[in-house]
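Just dropping this structure here.
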Amino acid sequence: MVSESTPIEPGCLLTMNQERFVCLAESIKCSVRYQNVSIVLAIKPSHLELRAFDAFHKVMQTVKSAQVVGRLNQRFFLVYLCEPIGMSQNDARAIHFSIRHFFSEVKHSDERMYRYLTSGKVGVSVLGMDTQSVKRAVVHASQATLAQPAGHKSRIQFYDTDLQLTIKRYVLLED
């Protein structure tokens, strides 16, 4: 494990709490000098296991696409992905590829962890779409996870700014 005073290299994997996660993900985001897609995933497994976070950290050490990993409130795993995209590549395809690549690496590394992570819900926030801040992206990704309707077939939910604004509007109108 890297201590607080150790310099952080881009691509270095660390496991930490939300505050440190945001700080390191933000520094990686700012230091990248190529066109990229930056994504924050909030993963909420269907059930919590006591040793799941230690196992998650161990598996994430072998997953190259995960730049920074952390946790949020002992209920969510956080993952920051920063993947290069080609000049002619469509943003939607780059986002799809990055998420698919991450889960493919997890599955290749540890099938049991893959099943555990995909048993629940995954919230996605794409930096540059709804927010420029990693801190807000963490909030958006966790909101997307919690906003998934029961019985929803897809386990991955993207943060939707329009939906959130509509909800805020209804709340204000009711008040």
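Using a basic spin-label model with each label point 7 Å from the Cα along Cα→Cβ, how many nm lie between residue 75 and residue 172?
2.7 nm
How large is log10 of I(q)/I(0) for segment 22-79 at q = 0.14, 0.23, 0.26, 0.27 Å⁻¹ when the intensity is taken from the Debye formula with one equal scatterer per alpha-carbon?
These q points yield log10 I(q)/I(0) values of -0.43, -1.00, -1.18, -1.23.
What figure, in Å² to the nearest 10, do you get for the accessible area of residue 96 with a 1.4 Å probe and non-protein molecules left out?
110 Å²
How far, in nm, would the chain grow between residue 101 and residue 55 when pulled straight, counting 0.36 nm per residue and subtracting the alpha carbon separation? Before the final figure, lay out the partial values.
Values: separation 46, 0.36 × 46 = 16.56 nm, distance 1.98 nm.
Gain in length upon complete extension: 14.6 nm.
Using a 1.4 angstrom probe on the protein heavy atoms only, could you order 46, 31, 142 from most to least accessible area?
Details: 46 80, 31 50, 142 15 Å².
Descending order: 46, 31, 142.
The values are calculated or read from the model by the stated rules, or taken from the named source; none is laboratory data. In this text, all values refer to a predicted model and were calculated from it rather than measured experimentally. Heads up, the Cβs are rebuilt from the backbone with ideal geometry, glycines too, and the neighbour counts pull from every protein chain shown. Areas reflect the complete protein model, heavy atoms only, side chains present, ligands, DNA and RNA absent. Shrake-Rupley method; radii C 1.70, N 1.55, O 1.52, S 1.80 Å.
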